[in-house]
Every structure is written in C-alpha cells, then in structure tokens.
Amino acid sequence: TGYSCRSMQMRGPLISLLWVVALGNPRPNLLFMMADQLRWDAVGYANHAEQNSTVLTPAIDRLAREGLAVRYSWSSTPTCTPARAALLTGRSPWGHGMLGYGTIAPRYGLTFPQVLQEAGYRTASLGKDHFGWNATSDTGIAHGYSETVLYDGLGSWDPNKTHSWNGEYDNYDRWFSREMPGKDPQATLDGLDGDGWNGWHGRAYVYPEEYHPTAWLGREAVQFLEQHANQSAHQPFLLKVSFHRPHSPYDPPQRVLDKIPTELPPITSCPNLGNPGDDWCIRFRGRASDPPGCADTADAWCGERDTADSVVSRRAYLGSVAFVDEQVGKIYDTLERTGMLENTLILWTSDHGDGQGEHHHWRKGYPYEFSAHVPLVLRWPASMQPRVKVARGSVIDPPLVTELRDVFHTLVDAAQLSRNASLLPPFGDHSRPNRFNASDGKSLLCLLSDPTGQACEYPPNPGPWRRWVDLEHSTCYNMTNHWSALTDGQIKYIFKAWNGQEQLFNLTADPKELVDLATHAGPYQIELAAWRERMVEQFEREGRGPSWVSSARQLMVRTHSTTYGPNYPK
C-alpha cells in the first residue's frame, strides 16, 4: 500500500537531531501493539497456573518473559471507541468525555501521537484506528499520526455500491479489491451473520491466508520496520500496530484453527446452587422464563448458545488470537534482524475483552473480568536498562493496577518528554487547559524504577500510584446494561445505574466472579459501604452533579443514557 509521508516527515530528521543534542542521548523507538477484543486470559503467560493448552501465544509470552506484565490492567470503558479515546488522551472517562460507545472526537487538545510528532518522532499507525473517517479527503482522521495504513473493519460488501463496498473504504479494503476483484472480503461469515462485525459465529477463513487482514497487517508492519532501518534509522519512530482480530468475525485460517483443541474447558458461569449471590448471571441465559433482552440472534450480546456452535466459535476466537501472535513474532524477529530491538520500547495491550459465553455474555461493554480486564506487557530495551530496578519477567500484582489511560504517559515518558513543559503541562498548572489531574494516566516507567508505586517522579501526574481505578459504560445493547465500577484488582464494586443494584466480587478468592457478595451479611456489607462511598467521592470530585449523586450523598438511579460527558470536545 505504501506510506504517505507528510511535510512533518521531511523536517523530522532535523528535529530529532536537535532533540538528541538537547537531551544528550538518543531516544528509543516506540512500538505500541494491541489487539482488538483480546481477553486478559487469552494469552499464555496469564494461564501458567492452569496450564491451558488451548491458548497459543508464544510471541506475546516472550514479551512478558523479557519485560514486565501487569496482572490487573483495565479498559475503563470497555468498547472500541471510548477505549481508544483513553489511549489517545491519557485521561479518565470523565476526563476525555466518552462515557460509552460513540464517536471519537475529531480533535483533542492533546494526544500522544501529536506530542511525539512535535518532538521529532516519525509517527505511523497501521491497522485499526477507529478514529473516524474524513469523507472529503477519503482518509481516516489522523490525530497526530503522520502516516496511516488502516483497516478499521467497518462497512459491508455491496456489489451495487462504488468499490462494491458500503461504508469506510480503507487501505486494506482497497488492497483486497485490487488483489481479489469482485470478491467479498467478508465472505467467510456473511452468510451466517450479515456483515459479521459483532457476530458470535466462527469459521475457517475461506480465502488463502495471505489475504486475511491479520496477515496483511503483519506484512505492513514488517515492511515499515525494514524501510525505517534502511532509510530513516537516524530518526526515532512511534509505530502503532493495531490488529482488528480477534474481534469478530472469528475467522482464522484453517491451518491455525486446526491447532486449537476440539475439547475446550467448560464455559464459566455462576453456579446457581441456591446460595446467596451465586445466581446473579442466570438472567442472561435467554430462556423463556428469564428476563427479556437476550435474543437468539447472530449478533446476540447474551444468552445460551448451542454447545456445538459455541465450541466452534470459541475455537475460532482462540485461532484468531494465535494468528495475531504469529504476526507479533514476525515483527519481533524483524526488530532483532534489523538491529533495532534493543533500542525499541514495546508495549502490548488490548482495548477490551470478549464474553465468549462466560456468565452467558458475548461481545464486550460489561464490568466483568472477561470484558474490562485486559493484558498489558511492557518490554524495555537494553538502552533503558540503567533506569530499571525490576527483573525481566516480573509481574505487577494488586493493589497496583493500570489502565489504558497510562499508555499515553508511558510513551511520552519513554521519549524523555515528560519534563518538557512546552509539550506537556506540569501537574497543577491551572493556566494550561490541557493539564492532567490525579485521576488521569501515569507512566508505567514509574513502576520499572519503583515497583512499590510509592514514588512517581512524573511531572504531568506525579505522586504515589493510584489505589484503585474507575470504570463505567453508558447504555449498551440493552437499557439495563448501564453501570459504573471501581476496583483495585482485589475487590470489584459495581453500581448498576439502571436500577441501583450493586454487586461486589472478591477477585482474590473468586477471580472468575462466580459469587456476588453484595447480598452477603457481615464484613462484606462494611466493604460494600466503603466502596460505595469511594464512588460517591469520585463523582463529587468530578462535579457530576445531582443526577449522579443526591444532596444526601446517595448514588442516583439513571435510566437515561449518557454517552458523552461535559468534557467531550465540542
């Protein structure tokens, strides 16, 4: 497809040289990789205790062995667009203004690609952005990336339309139409679930695997790195590689699908044995006697599925993960072969998880582990070793937790920009409209130098690491799926805005969230009250107003959707 280098790229080498002179040492390359809809436990390093042979991710596991893994990292608003708003801006949901699934703002006051571009980095985004499409220029909205090669996975095949495509016609769509004229790129599952973007069915990819968008993106990333090593090695890069899969459609190549065992572990669901709190998930089964909302449709968000169909779906999901991992391995090997590995910081994460039938849920947008808990791995290069005080292969455990808002701050800190007040306003500078507050992101490099989290010398948001993280999502799929939550990786508190119902899970003793403790007597009522008070304090601190917290300091039932908060850019 090639790359569209804009005017900034022509000035980049000179700017980069000036920064090296100013700072006294070269800055690392930054490789930010992510997969869409990747569950926290769909990577091998997270399953060592269970020895789950159905998860095949040797390349991602290598990053964890050679870096730092965070056991509890979160996507605060776990659907595609608000998660990406957090990544772009480094802010909490209330801070960036997307409280549910909507449209990423066309512009923000501060984004990490913009900051890095202005500091002389070559900034490129390959794969899924989901930032929106400029119909006039027929390109994706860049948000500071000077080069974009996109596959957002939006639109549908329509031979009666221009380009035989209805919707965003991005770089992969154009490439596929040239290579496979007259063919539907979504043919694998179109017959089962329409356009397949949110279906739960799975099937092996119907075309040769080199035409798959995952393989295409892997080649684009390798090509970028090889070209950079040969022509632009004097300039540091920020490269985002964002895989659309394992997001639906679940369509790995047959070769990869055959590697996934046909016998899978049972799907987790609340036990429903008649004990307090162990039946919380049965309303999502979709049976005739259960509350309405879980339809038996191709894009169902909840409900029991036919066992044979669900096994195929789950195998295809895991196959999609394994195929992504193969590309991660090729990207790693290219860094090593070109001599760039030990001057490149690698960060790996996901925008949210996938229900996969757990507790009778599919898709995403929920406060539960399968949806909001995401993997996060940071591999630092040898060039950064002097500032690191943890061993490679270390794991950060609760109560230290991270969130997607920390990616912005980690990358600009790694680029040695965190003390540059002309690019990043220091904490407490009230004259700067883009300043960060304590609930926004922090740099993971703080944890590399102090794994206790007690000290964080990071000027845009200094001080001890957060004690817990806030999560929320406005109405999604069904009016009842509307919630706010808090967690420290040990306890999770959930407030259901639709009806005021509360849930409490002990993640230490019950990581699968089998039993809701909110109805239990004794100590758990004290715990419940403490977490409820923390949420009240958060809403008051953010100034959310009486529709969120009453004058009597009670959390309010909210039956209306609030997709955008007052901080969403107008």
* Asked: Considering only segment 181-200, how many residues are surrounded by 22 or more Cβ atoms within 10 Å (Cβ to Cβ) and part of a helix (DSSP H, G or I)?
  -> 2
* To do: Among the numbered conditions (1) more than 30 Å from Asp299 (Cα to Cα); (2) acidic (Asp, Glu); (3) open to solvent by 10 Å² or more (accessible area, probe 1.4 Å), tell me where Asp470 comes up short.
  => (1)
* Asked: When segment 160-182 is examined, which residues are found to be farther than 18 Å from His244 by Cβ, in contact with a strand residue (DSSP E or B) (Cβ under 9 Å, 6 or more places away or on another chain) and touching a residue at least 12 places away in the same chain (Cβ under 8 Å)?
  -> Ser164
* Asked: What pairs come up if the first residue lies in segment 494-511 and is without any contact (Cβ under 8 Å) to a residue 24 or more places away in the chain, the second is surrounded by fewer than 21 Cβ atoms within 10 Å (Cβ to Cβ) and assigned to a strand (DSSP E or B), and their beta carbons are under 9 Å apart, counting only those six or more places apart or on different chains?
  -> Lys496/Glu502
* Does Tyr45 satisfy the condition of being of a type in the set (Phe, Trp, Tyr), farther than 22 Å from Pro399 by Cα and not in a strand (DSSP E or B)? -> no
* Failed item, numbered, when Val377 is tested on (1) outside any strand (DSSP E or B); (2) in contact (Cβ under 8 Å) with a residue 12 or more places away in the chain -> (1)
* Structure fact -> Residues in segment 45-58 that are at pLDDT 95 or above and either surrounded by 22 or more Cβ atoms within 10 Å (Cβ to Cβ) or of a type in the set (D, E, K, R) (or both) total 1
* Structure fact -> Restricting segment 277-295 to residues that are assigned to a loop (DSSP other than H, G, I, E, B), within 19 Å of Gly365 (Cβ to Cβ) and not aromatic (Phe, Trp, Tyr), the one least open to solvent (accessible area, probe 1.4 Å) turns out to be Cys281
* To do: Starting from segment 78-102, take each residue that is of a type outside the set (S, T, N, Q) and list its partners that are part of a helix (DSSP H, G or I) and open to solvent by 10 Å² or more (accessible area, probe 1.4 Å), counting only C-beta distances under 8 angstrom and pairs at least six apart or across chains.
  => Trp94/Glu542
* Asked: Of the residues Arg178, Arg203, which is open to solvent by 20 Å² or more (accessible area, probe 1.4 Å), of a type in the set (Lys, Arg) and closer than 17 Å to Gly319 by Cα?
  -> Arg203
* Would you mind finding the one in Glu527, Glu537, Glu457 that is in contact with a helix residue (DSSP H, G or I) (Cβ under 9 Å, 6 or more places away or on another chain), open to solvent by 30 Å² or more (accessible area, probe 1.4 Å) and in a helix (DSSP H, G or I)? => Glu527
* Return yes or no: is Leu504 surrounded by fewer than 24 Cβ atoms within 10 Å (Cβ to Cβ) and modelled with pLDDT of 95 or more? => yes
* To do: Give me a count of the residues in segment 232-260 that are surrounded by fewer than 14 Cβ atoms within 10 Å (Cβ to Cβ) and not in a helix (DSSP H, G or I).
  => 2
* Asked: Out of all the residues in segment 59-69, which are over 24 Å from Leu257 (Cα atoms) and either surrounded by fewer than 21 Cβ atoms within 10 Å (Cβ to Cβ) or out of contact with any helix residue (DSSP H, G or I) (no Cβ under 8 Å at 6 or more places or on another chain) (or both)?
  -> Arg65, Glu66, Gly67
* To do: Kindly provide the set of residues from segment 395-440 that are out of contact with any helix residue (DSSP H, G or I) (no Cβ under 9 Å at 6 or more places or on another chain), more than 30 Å from Trp40 (Cβ to Cβ) and among the aliphatic types (A, V, I, L, M), ordered by number.
  => Ala421
* Asked: Restricting the search to segment 435-448, which residues are open to solvent by less than 50 Å² (accessible area, probe 1.4 Å) and either of a type in the set (A, V, I, L, M) or out of contact with any Phe, Trp or Tyr (no Cβ under 8 Å at 6 or more places or on another chain) (or both)?
  -> Asp440, Leu444, Leu445, Leu447, Leu448
* of a type outside the set (Phe, Trp, Tyr), within 28 Å of Ser53 (Cα to Cα), open to solvent by 60 Å² or more (accessible area, probe 1.4 Å) and in a loop (DSSP other than H, G, I, E, B) - does that describe any residue in segment 321-331? -> no
* To do: Go over the candidates Ala229, Ala308 one by one and state the one that is modelled with pLDDT of 95 or more and part of a helix (DSSP H, G or I).
  => Ala229
* Structure fact -> (1) open to solvent by less than 20 Å² (accessible area, probe 1.4 Å); (2) more than 23 Å from Gly365 (Cβ to Cβ); (3) aliphatic (A, V, I, L, M) all hold for Ala518 apart from (2)
* To do: Exactly one condition in (1) buried (at least 21 other Cβ atoms within 10 Å of the Cβ); (2) part of a loop (DSSP other than H, G, I, E, B); (3) in contact with a Gly (Cβ under 8 Å, 6 or more places away or on another chain) is not met by Leu217; state its number.
  => (2)
* **When residues of segment 135-146 are limited to those that are under 23 Å from His247 (Cβ atoms) and in contact (Cβ under 8 Å) with a residue 40 or more places away in the chain, the one least open to solvent (accessible area, probe 1.4 Å)** => Tyr145
* Asked: Hey, any hits in segment 416-423 for a residue that's open to solvent by 30 Å² or more (accessible area, probe 1.4 Å), part of a loop (DSSP other than H, G, I, E, B), among the hydrophobic types (A, V, I, L, M, F, W, C) and closer than 24 Å to Gln385 by Cβ?
  -> no
* Please verify whether segment 350-372 includes one or more residues that are free of Cβ contacts under 8 Å to residues at least 60 places away in the same chain and crowded, with 21+ Cβ neighbours inside 10 Å. => yes
* So Leu99 clears everything in (1) over 17 Å from the mean Cα position of the chain (by Cα); (2) of a type in the set (A, V, I, L, M, F, W, C); (3) buried (at least 24 other Cβ atoms within 10 Å of the Cβ) except one condition, right? Which one? -> (1)
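The values are calculated or read from the model by the stated rules, or taken from the named source; none is laboratory data. These figures come from a predicted structure and were not determined experimentally. Don't worry about glycine lacking a Cβ; one is built from the backbone with ideal geometry, like all the others, and counts go over all protein chains shown. Heads up: the accessible areas ignore ligands, DNA and RNA and are worked out on the full protein's heavy atoms, side chains in. Shrake-Rupley method; radii C 1.70, N 1.55, O 1.52, S 1.80 Å.
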